[in-house]
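Q: Sharing a structure here in structure tokens format.
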Amino acid sequence: MGRKYNINKTFKAVMVIAGILAGLIFALGFYLNQRWNGMMREELKSYVQEISDSLYKVEYKSARLNVLTGSVTIEKASMVLDTAVYERMRKNHTAPPEIYLVSVDKLELKYFKPWRYFRNKELNAGLLKVSSPTIIIEQNANVRDTSKPLTAYQHISPKMKSILIGTLALDSTHVRYKFIRKDSSVVLHEFQNLDIRVNDFLIDSQALNDPTRFLYARNYEIGMRNYTSLTKDSLYSLNITGIRYEAAERTLRIGGIEVNPRYEKEAFQQLLGYQQDYYYAILSDIAVYNINPKLLLQAQQIWADKVVIGGGKLEIYRDRSLPLPPGDKLGQFPNQVLAKFAVPIVIDTLMGHRVNMQYMETNPESGRSGELRFSNINGRFLNITNVDSLVQRNNHCTADIDAILMNSGKLTARFDFILGSKTGNFAVSGELKNMNGKELNPVTKPLGKVEIRSCHINELSFQIKGDERKASGQVKLLYDHLRIAILKEDKAHNEYVRKGLISLLANIMALKESNPLPGENVRISRPTLQRDIRKSFFNLIWKTIFAGVKETAGTGKI
């Protein structure tokens with residue numbers, strides 16, 4: 001009984017002591033909270049003014065410090081420019097070339113250690129969360145600051161020893177960037193709904209010289225959920241998703257780019273009233289390595305070491321029943337378009353993987369569409385540039401491409417575009433191997449009214465050179481067992497039927513069954529073609545190869 005009494009007495013004593021300590025801690029916390037809240041409000045405004053030499057002022061609706069939870073909350077805050085001070089600094093040539101205007105709905109500093117701040121002047125927090133900030137940056141190349149530039153640490157050192165923030169998170173950020181060039185022309189960029197993350201941000205006496213940091217942080221990550229706009233002709237919408245930039249690696253990543261027509265195929269063609277390619281494209285998993293953001297934002301120049309496209313799809317359709325568009329397509333070869341591109345561009349390497357392409361064309365006579373398919377396209381483009389000094393060093397932009405044609409033949413091609421050529425000079429070579437010729441019937445039947453009954457293509461190789469007006473080269477087609485059927489349309493049953501006699505005569509008298517024929521040498525064609533200047537670059541390539549194929553097989557006589 002006595003032992004139980006002692007335990008109860010001890011327990012009560014402990015509880016009383018704990019209660020007293022809790023009361024003291026609460027009282028101390030309340031006292032520190034009141035005292036430090038007042039100090040924080042006073043220092044918040046004075047810090048910014050003193051550090052910026054009175055160039056900026058801070059205004060806010062409310063600021064609260066909670067010592068017990070280690071948090072600071074600031075509502076409706078803004079950093080504004082004192083224009084009178086700025087003009088005075090400009091006259092004295094001490095004004096910075098960049099000015100910043102910032103406003104935020106809410107700023108929350110969490111896992112904050114107030115004791116270290118108020119006693120040791122060390123700002124240490126785990127998270128700084130900024131809600132719906134608007135950041136306006138104006139950079140003027142004509143503003144000259146002749147004073148000795150100070151580092152961020154030199155700016156804060158009179159007031160603080162260090163600033164360490166584990167994560168700086170800016171959500172739903174609106175950024176407006178204005179750059180005034182030396183000729184007073186203006187470059188303007190505006191971005192909505194950016195999500196910005198800054199990891200392990202540290203300003204102290206050593207951070208600037210830390211090679212593992214970029215602008216005082218381990219990394220800056222800038223993301224945008226999506227970006228949507230219309231093309232200049234309003235025929236297509238452009239949608240970019242999953243945009244993310246990592247400053248430490250200078251890498252831009254994009255989840256997907258989609259170019260989507262705003263009209264159905266028939267409405268699209270009728271709206272224009274003439275032939276024009278109808279596109280649908282989607283590219284995924286895009287990475288741009290070692291991009292130069294300063295040149296992109298200030299000079300509107302695209303410089304990057306490497307661009308990689310992880311996959312995609314391209315669909316093209318053309319209705320040949322409509323008239324050709326007015327004018328011509330001179331000056332529109334790939335190297336000519338690159339030279340006229342409004343933005344200077346330098347991309348050392350562009351690589352694409354696993355892209356599928358489908359081309360469809362409607363025959364004006366039958367109203368039927370032929371379809372040509374390229375699957376699993378992989379390509380590597382080198383030296384993509386329109387910068388004159390770089391073109392003088394190396395004027396060859398090359399592209400090596402491989403693909404599967406009509407799910408059967410292995411196709412490889414190499415393009416060589418002469419940069420700086422006013423006439424669009426180019427060369428292309430390639431080969432197609434081991435293909436069943438019957439796989440081409442989805443093209444030959446609706447567009448040429450010819451059915452390939454049998455044919456094995458052992459090899460189709462070609463070497464072509466040309467410019468925007470002509471092309472010539474060499475075509476070698478090695479094949480066996482070629483048999484065709486000439487077709488006519490049975491409109492009553494909506495199908496094709498064979499022209500028996502004409503097909504028989506074609507196979508016997510015109511076609512050459514194989515190359516080489518028994519006892520003969522390999523036939524090699526050397527086609528020369530004048531370009532229809534109303535048609536595209538790829539039309540010229542295709543027509544030149546096709547001319548060589550027809551000559552080799554004898555179908556040109558049909």
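The values are calculated or read from the model by the stated rules, or taken from the named source; none is laboratory data. Just so it is clear, the structure is predicted and the values come from calculations on it, not from any experiment. Ideal geometry is used to build each Cβ from the backbone, glycine not excepted, and the neighbour counts take in all protein chains shown. Areas reflect the complete protein model, heavy atoms only, side chains present, ligands, DNA and RNA absent. Shrake-Rupley method; radii C 1.70, N 1.55, O 1.52, S 1.80 Å.
Q: Compute the FRET efficiency between Arg218 and Leu272 as 1/(1 + (r/R0)^6), taking r as their Cβ-Cβ distance and R0 = 56 Å, and round to the nearest 0.05.
A: Computed FRET efficiency for Arg218 and Leu272 comes out at 0.60.
Q: While we're looking at this one, here's another question. I'd like the carbon and sulfur percentage of the solvent accessible area for the chain, probe radius 1.4 Å, heavy atoms only, ligands and nucleic acids excluded.
A: The nonpolar share, carbon plus sulfur, comes to 56 percent.
Q: Something else: In debye, nearest 20, what is the charge dipole magnitude of the range 163-251 about its Cα centre with +1 on Lys and Arg Cβ and -1 on Asp and Glu Cβ, if you could check?
A: Its charge dipole is roughly 300 debye.
Q: Next question. For the chain, what does -39500 (n - 2.57) per DSSP helix run (n ≥ 4), summed and divided by total residues, give at 222 nm, in deg cm²/dmol to the nearest 500?
A: Rounded to the nearest 500, it is -7000 deg cm²/dmol.
Q: In whole Hz and in residue order, list the ³J(HN,Hα) couplings for the range 201-211 that follow from phi through the Karplus curve 6.51 cos²θ - 1.76 cosθ + 1.60, θ = phi - 60°; x for Gly and Pro.
A: Listing the rounded values in order: 8, 9, 10, 8, 5, 10, 4, 5, 8, 7, x Hz.
Q: Enumerate the amide H contacts of Asn292 below 5 Å, restricted to partners 5 or more residues apart or on another chain; note that Pro and chain-start residues carry no placed amide H.
A: It is Trp303, by chain and number.
Q: Further question on the same structure: Show me the helices of the chain, taken as full DSSP H stretches, that run 18 Å or more along their long axis by Cα and average -1.0 or above in Kyte-Doolittle hydropathy.
A: 2-51, 537-553
Q: Which links in Lys329/Lys488; Lys438/Lys488; Lys512/Lys535; Lys340/Lys410 stretch past 28 Å when you go from one Cα to the other?
A: Lys329/Lys488; Lys512/Lys535; Lys340/Lys410
Q: Restricting attention to the range 397-483, which GluC sites (Glu not before Pro) occupy a DSSP loop and are surrounded by at most 11 other Cβ atoms within 10 Å?
A: Loop-located and lightly packed - none at all.
Q: Shifting gears a bit: Check which residues have an amide H placed less than 5 Å from Gln275's amide H, if you skip close sequence neighbours.
A: Counting only residues 5 or more places away or on other chains, the set is Leu324.
Q: Next question, about the same structure. Give a residue-ordered list of calculated ³J(HN,Hα) values for the range 368-382 (Karplus: 6.51 cos²θ - 1.76 cosθ + 1.60, θ = phi - 60°; whole Hz; x for Gly, Pro).
A: 8, 10, x, 9, 10, 10, 10, 10, 6, 6, 10, x, 9, 10, 10
Q: Now for a separate question. Taking the range 102-231, how many lysine pairs are there with alpha carbons less than 19 Å apart, if each pair must be eight or more places apart or span two chains?
A: 9
Q: By how many nm would the segment from Ser454 to Arg320 lengthen if fully extended, with 0.36 nm per residue of separation less the alpha-carbon distance?
A: In short, 45.4 nm is gained.
Q: Where a Cα-Cα gap under 19 Å defines reach, which aspartates and glutamates qualify for Lys45, not counting those fewer than 8 residues away within the same chain?
A: Candidates past the 8-residue exclusion: Asp53, Glu59, Glu75, Asp82, Asp105, Glu108, Glu122.
Q: Could you please report the charge total around Gly223, scoring K, R as +1 and D, E as -1 over all other residues with beta-carbon less than 15 angstrom from its beta-carbon?
A: -1
Q: With every protein chain kept in place and ligands, DNA and RNA left out, what is the accessible area per residue of the chain? Probe 1.4 Å, answer in Å².
A: Value for the chain: 56 Å² per residue.
Q: Please turn the phi angles of the range 461-470 into ³J(HN,Hα) values with the Karplus equation 6.51 cos²θ - 1.76 cosθ + 1.60 (θ = phi - 60°), one per residue in order, whole Hz, x for glycine and proline.
A: Once θ is set to phi - 60°, the couplings for the range 461-470 become 10, 8, 9, 10, 10, x, 8, 6, 10, 7 Hz.
Q: Quote the relative contact order of the chain in percent (integer), defining contacts as alpha-carbon pairs under 8 Å separated by 6+ residues.
A: Relative contact order of the chain: 6 percent.
Q: Could you pull out every residue, at least 5 positions away or on a different chain, whose amide H is within less than 5 Å of the one on Ser71? Hs are placed 1.01 Å off N in the peptide plane, and Pro or chain starts have none.
A: Counting only residues 5 or more places away or on other chains, the set is Asn66, Phe112.
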